[in-house]
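Each remark here refers to the structure printed beneath this line.
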Amino acid sequence: MYIFNIFKKHETRGEYMFKNILITISAIAFVFNSIAFADIKFWTTETQPARMAKQEEMAKAFEAKTGIGVEVIPIGEKDLGTRATAAAAAGDLPDVIYHTLQYVLPWAEAGILDVDANNDVVKSLGKNTFAPGALKMAKKGGKIAAVPVDGWTQMVVYRKDLFKAAGLEPPTTYANIEKAIDALSSSEMFGFVAATKTDENFMSQVLEHVLLANGVNIVKKGGTKKTRKSFKKFFTVL
């Protein structure tokens with residue numbers, strides 16, 4: 001799953017133009033006012049102290065180079081949707097938001113994203129500089145609704161000593177994971193831990209990787225694709 005950086009949709013967008021698009025180390029893009037430079041509000045879900053310190057450092061370096069101040073505002077990932085909706089209703093959206101994929105289309109349709117601005121940024125940087133899959137996922141109609149900046153993979157971390165003691169194979173398949181859950185679960189220990197809280201983004205992010213790993217595409221043309229038994233069994237076990 002890719003993470004995207006977006007621009008706020010300005011009511012007076014005609015007064016703005018892109019010039020000297022600057023990408024920082026974290027690929028944060030900013031809109032420059034054609035009349036006068038203004039400070040930028042940047043929402044980030046990277047709220048851990050070490051990551052906040054790095055972003056503040058980057059913001060200061062950007063200001064030293066451009067004269068444009070950046071206010072880095074931490075927003076908890078689970079609160080991002082409600083905060084953005086409230087800010088849009090109040091006319092108080094930030095200039096830039098660092099957010100996850102699932103918000104791209106809903107926010108574009110709600111007018112929270114400035115689709116034209118984001119599309120212009122991607123064109124300025126060159127579509128060939130982005131992974132084709134990332135652009136496809138950020139596409140709304142014929143335009144790129146948000147600017148892809150990074151992505152990640154999910155990992156399965158396990159205790160080799162416990163697996164060895166129980167005579168278990170490494171968790172390289174879902175079948176092996178299911179066996180480990182059965183063998184290691186007890187009143188004192190969970191055999192496996194995964195995101196299962198349906199009202200938090202992390203659940204959908206983990207679910208996406210589980211689906212892809214099992215060759216599942218929930219929605220396809222003509223209806224819903226049947227899921228594999230291994231996928232159903234995995235979540236039943238959890």
Starting with the highest mean, order 160-173, 68-81 by the number of other Cβ atoms within 10 Å, averaged over the residues of each peptide. 68-81, 160-173
Using the Kirkwood radius over Cα pairs of the stretch 39-131, the Stokes-Einstein translational diffusion coefficient at 37 °C and 0.692 mPa s, in µm²/s and rounded to a whole number, is 225
Restraint check, LYS54/LYS143; LYS60/LYS140; LYS136/LYS160; LYS41/LYS139; LYS164/LYS197, Cα-Cα greater than 28 Å: LYS54/LYS143; LYS60/LYS140; LYS136/LYS160; LYS164/LYS197
Stick to Cα atoms and the Kirkwood definition of Rh, then tell me Rg/Rh for the stretch 57-210. 1.09
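None of the figures in this text is laboratory data; all of them are computed from the coordinates on show. Note that the coordinates shown come from a computational prediction; the quantities given were computed from them, not determined experimentally. Ideal geometry is used to build each Cβ from the backbone, glycine not excepted, and the neighbour counts take in all protein chains shown.
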